[in-house]
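The values are calculated or read from the model by the stated rules, or taken from the named source; none is laboratory data. Model, not experiment: these values are computed from the prediction. FYI the Cβ positions are ideal-geometry reconstructions off the backbone, even for glycines, and counts take in every protein chain you see. Just the protein is used for accessible areas: all its heavy atoms, side chains included, with ligands, DNA and RNA removed. Shrake-Rupley method; radii C 1.70, N 1.55, O 1.52, S 1.80 Å.
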Amino acid sequence: MGKLIPLHHLPPGTCGKVSRLTAEGNARRRMLDLGLICGTRVEALQKSLSGDPVAYEIRGAVIALRSEEASQILVELL
Amino acid sequence: MGLRQVSSQEMAKQTYRIDCHEEDLVIALAGNPNTGKSTVFNSLTGLKQHTGNWPGKTVTNAKGKYIHQQRSFILVDLPGTYSLFANSVDEEVARDFICSGEPKVTVVVTDATCLERNLNLVLQVMEITDNAVLCVNLLDEARRKKIQVDLPALSEILGVPVVGTNARDGVGLRELKDAVYQVAMGEVINKPLQVRYGDPVETCLEMLEPFVKGIVDKNINSRWVALRLLEANRDTDNWPLQFPFLKLNNDSEILATLQAADRLLLQAGLNRDALRDHIVTCIVKQAEEIAQRVLSCEKQHYNIVDRRIDSVLTSKVWGIPVMIALLGLVFWITIKGANYPSQVLATGLFWVENKLTGLFMAAGWPDWLHGILILGMYRTMAWVVSVMLPPMAIFFPLFTLLEDLGYLPRIAFNLDNFFKKACAHGKQALTMCMGFGCNAAGVISCRIIDSPRERLIAIITNNFVPCNGRFPTLIALATIFIAGGRGEAGQTLVASLSILAMIVLGVVITLLVSKILSKTILKGMPSSFALELPPYRRPQIGRIIVRSLYDRTLFVLSRAIIVAAPAGMITWAFANITSGDISILQHSAKLLDPLAHLLGMDGFILMAFMLGLPANEIVLPILIMCYMSAGQMIELDSLQALRDLFAANGWTWLTAVCMMLFSLNHFPCGTTLLTIKKETQSMKWPLITFAVTTATGIVLCFIVAQSARLLGLA
């Protein structure tokens, strides 16, 4: 198993596999609703002006997440 | 703040009280945001609900009717949601309506280019109701991206009818109506696929279901209710669960069974949070599995074009400059294009005025009647039409084009960090964009923001973007005072740049005020933010033009005229009823003069803003009438004449700038204030909005006017 990093540290253009969510409550459910379950492949696409938020490809959709949320998603670098 | 409580239950009740005959069949339309749901709705019902390429567009819930095979169907457009777990007001509203048993059939609209994520919602809807129909929309976009969807196989797997559509071009709608009809009439019996949750969840469900069956309506899926009971948090105020169909009065048998189920789940390591995770994971996995079976994609990188466009439009370097340039271009085209038709309209309408005056003279009607009807009512309306119509007719289609292409979420993406620093929600940028059309619509669109605190901030600050009622004022003043005296090309350019500067200023003020609100009366941190950047779509030029002319331009214009007519009459009366030597109007203006002077304006301008409370559109016409009644009766058929009129009343560039600033920053119009009251269910927030916006304008104008005078610039 590769090293676990928070999603917002995933460099644009690279992919990661969701390993664990550290968010709780409503925020966690929202992430799950986006399809971010264990094993989901996520690609970091593009940083915005100041590097936050970042656009990710998640299950065919492009979703922008702020670093507060992305930091609660641990991914394994692919 | 009390927003949330009001919103869910009350809103569901208010919005979905379906007034229909018994023989009408109620159909719910559900779907993820941005799947073309509104387009499906419009195509089926012929209603022109506004649609746009950004998530969360359906903010006011629409109902429409269509007839198929001699039966009438009432179609209810639910808010777009990703799931039905009631994480937000919208989800709660959608879920409550589907499970209320009211809709005969629930149609789930999905995006063929993003089917896997959409299936998540489909599976959840199928848990609540057997009577679901799946509509796979945007097939043409999928074809363009070389994505194939095996519709028969999908229908086979899901156990419900599946119809492929291309709602924009009307493809597949007949089949959709047929499928809905068959399910509604019981000609087709669905056997919807049920997501399995494995042991011990399934065992618990079996334990609970018999009891649940006893207390819920037979239309409601007892398995689904049992599942919700299992995952509900019984320690919070939300217990017992309140569904429209279910009032659980701490029924002892059910409670005992639930406790037994809890023990079973805990043994398997499933506490409340883990159970919820497990449920969602099972659904997502099921969706993934189905997608793998029915989707085939020829091109691996089918989104490559979108990615390339995004790499410019949302890039660190180009994102903001491109955004400002695009907006500037829109204003340039608007001002340039509106110039000539405005003059033609003005000339035409004042020619009619002369003819009407001639008629009055010939008929020998009294002067006061001529004054109130022609000089008051007609003239104000003529001004509203000639000043407002051309810019709106150009600006709206252009703006709708940007919206249709899918550019607005990119604006939100680019600006998000600023909003985060202001402790506000990223989607506030979207509500801000809606404010360009109409602030009342902008306030309603704030429903896409879940957090009550951030929603209130977005509502209060929405007025800092100029609506179309204020644009013509800004354009006229910028053209004649700031850009005046240059060649025609230079004039248009400078005017566009001035308007652009005003908008940027409006955004900066929005951010500053949001920040101040976040640190004072609406304390808090920014909440979570996930924004979908939908695929770019081919714009529908024809529809854009029709839609923006009918829905927006004519709607706004007619509202303005309706308000302008009585306002014109009243203003004329005030201007001509004298007390002592001068009219009531002049008395009041004199009273306001000292304050107005401090703000770089005069008493008439302030009064025009006050009289313009019903609608911002009439501020300029009222002002013109005020000045004209004070003596000079001139033919006003060009911007030059307007400039002369203002100059004769002591205007300088500073007066124009201050009026523009005050136009951008003053109390919202009556409609917007009423909308705020409705949206927040309290008188407090419209009053606060009134105070915040007006105070901003007063402070700003005071600083500008006093500094300019101190520096000897004016």
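Tell me the carbon and sulfur percent of the accessible area for the protein assembly as shown, rounded to whole percent, probe radius 1.4 Å.
Carbon plus sulfur share of accessible area: 60 percent.
Could you state the accessible area per residue of segment A:4-77 in Å², with a 1.4 Å probe and every protein chain left in place?
34
Per residue, how many Å² of accessible area does segment B:562-685 show with a 1.4 Å probe?
Solvent-accessible surface per residue comes out at 40 Å².
Trypsin sites (Lys or Arg not before Pro), restricted to segment B:268-347: which are DSSP loop and have at most 13 other Cβ atoms within 10 Å?
For trypsin sites (Lys or Arg not before Pro) across segment B:268-347 that sit outside H, G, I, E and B with at most 13 neighbouring Cβ atoms in 10 Å, the list reads B:Lys299, B:Lys316.
Which residue, B:Ser315, B:Val136, B:Met361, has the largest displacement toward the positive end of the dipole of chain B when charges sit on each Cβ (Lys, Arg +1; Asp, Glu -1)?
Value computed over the given set: B:Ser315.
Each residue of segment B:690-698 in order: what ³J(HN,Hα) in whole Hz does its phi give by Karplus 6.51 cos²θ - 1.76 cosθ + 1.60, θ = phi - 60°, with x for Gly and Pro?
Taking θ as phi minus 60°, the curve returns 3, 5, 4, 5, 5, 4, 4, x, 5 Hz for segment B:690-698.
In the structure shown, do any of A:Lys47/B:Lys336; B:Lys37/B:Lys285; B:Lys63/B:Lys191; A:Lys17/B:Lys427; B:Lys316/B:Lys519; A:Lys17/B:Lys146 have a Cα-Cα gap over 31 Å, and if so which?
A:Lys47/B:Lys336
Tell me, how many Å apart are the Cα centres for segment B:657-707 and for segment B:458-530?
So the two Cα centres are separated by 13 Å.
What's the average, rounded to a whole number, of partner chain beta-carbon atoms within 10 Å of each residue's beta-carbon in A:34-40?
Across A:34-40, the average partner-chain Cβ count within 10 Å equals 6.
Go through segment B:575-586 residue by residue and turn each phi into a ³J(HN,Hα) via Karplus (6.51, -1.76, 1.60, θ = phi - 60°); whole Hz please, and just put x for glycine and proline.
Once rounded to whole Hz, the list reads 6, 10, 8, 9, 10, x, 8, 10, 6, 4, 4, 5.
Which three extents, in whole angstrom, do the alpha-carbon atoms of chain B cover along their principal axes, largest first?
Here the spans come out as 90, 56, 49 Å, largest first.
For chain B, what is the calculated [θ] at 222 nm in deg cm²/dmol (nearest 500), taking -39500 (n - 2.57) for each run of four or more DSSP H residues and dividing by its residue count?
Mean residue ellipticity at 222 nm (helix-derived): -19000 deg cm²/dmol.
P(r) tail for segment B:284-420, what percent of Cα pairs lie past 23 Å?
Cα-Cα pairs in segment B:284-420 separated by more than 23 Å: 63 percent.
Could you grab the relative contact order for chain B? Cα pairs under 8 Å, six or more apart, rounded to a whole percent.
Relative contact order of chain B: 12 percent.
Enter the buried accessible area of the A/B pair, total of both sides, probe 1.4 Å, in Å² rounded to the nearest 100.
Using a 1.4 Å probe on protein heavy atoms, the buried area is about 3400 Å².
Would you kindly give the portion of the calculated P(r) for segment B:400-542 that falls above 20 Å, as a percent of all Cα pairs?
Cα-Cα pairs in segment B:400-542 separated by more than 20 Å: 52 percent.
Provide the per-residue ³J(HN,Hα) series for segment B:107-124, in order, calculated from phi with Karplus coefficients 6.51, -1.76, 1.60 and θ = phi - 60°, each as a whole number of Hz, with x at glycine and proline positions.
Using θ = phi - 60°, the values come out as 8, 9, 8, 10, 9, 4, 7, 9, 5, 4, 5, 5, 5, 3, 5, 4, 4, 5 Hz.
What does the highest-first list of B:589-595, B:453-459, B:33-39 look like by mean Cβ count within 10 Å?
B:453-459, B:33-39, B:589-595
Which far-off residues, 5 or more places away or on another chain, put their amide H under 5 Å from the one on A:Gln46, with H placed in the peptide plane?
Hits under the 5 Å cutoff: A:Ala55.
Tell me the Kirkwood radius of segment B:498-606: reciprocal of the mean inverse pair distance over distinct alpha-carbon atoms, in Å.
Mean inverse Cα-Cα distance, inverted, gives 19.8 Å.
DSSP loop trypsin sites (Lys or Arg not before Pro) in segment B:117-157 with at most 13 other Cβ atoms within 10 Å of their Cβ, which ones?
B:Lys146
When all C-alpha to C-alpha distances in segment B:567-714 are sorted into bins of 10 Å, what percent of pairs does each bin hold, rounded to whole numbers?
With 10 Å bins starting at 0, P(r) equals 11, 36, 35, 16, 3.
In peptide B:530-537, what is the residue-averaged number of other protein chain Cβ atoms found within 10 Å of each Cβ?
5
Given the convex hull of the Cα atoms of segment A:4-77, what is a quarter of its surface area in nm²?
Computed as one quarter of the Cα hull surface, the answer is 4.1 nm².
Could you run the Debye sum over the Cα atoms of segment B:247-357, one equal point scatterer each and no solvent, and tell me log10 of I(q)/I(0) at q = 0.12, 0.17 Å⁻¹, two decimals?
-0.82, -1.01
State the volume of the convex hull built on the alpha-carbon positions of segment B:76-231, expressed per residue in Å³ and rounded to an integer.
123
What's log10 of I(q)/I(0) for the protein assembly as shown at q = 0.05, 0.10 Å⁻¹, Debye sum over Cα points only, no solvent?
-0.30, -1.06
For segment B:106-183, which GluC sites (Glu not before Pro) are both in a DSSP coil and crowded by at most 15 other Cβ atoms within 10 Å?
Passing both the DSSP loop test and the Cβ count: no residue.
Between B:Tyr550 and B:Gln194, what length comes free when the chain is fully extended (0.36 nm per residue of separation minus the Cα-Cα distance, one decimal in nm)?
123.7 nm
Whose amide H sits under 5 Å from the amide H of A:Thr40, counting only residues 5 or more places off or on another chain, with H placed in the peptide plane?
Under 5 Å from the amide H of A:Thr40 lie the amide H atoms of A:Val18, each far enough along the sequence or on another chain.
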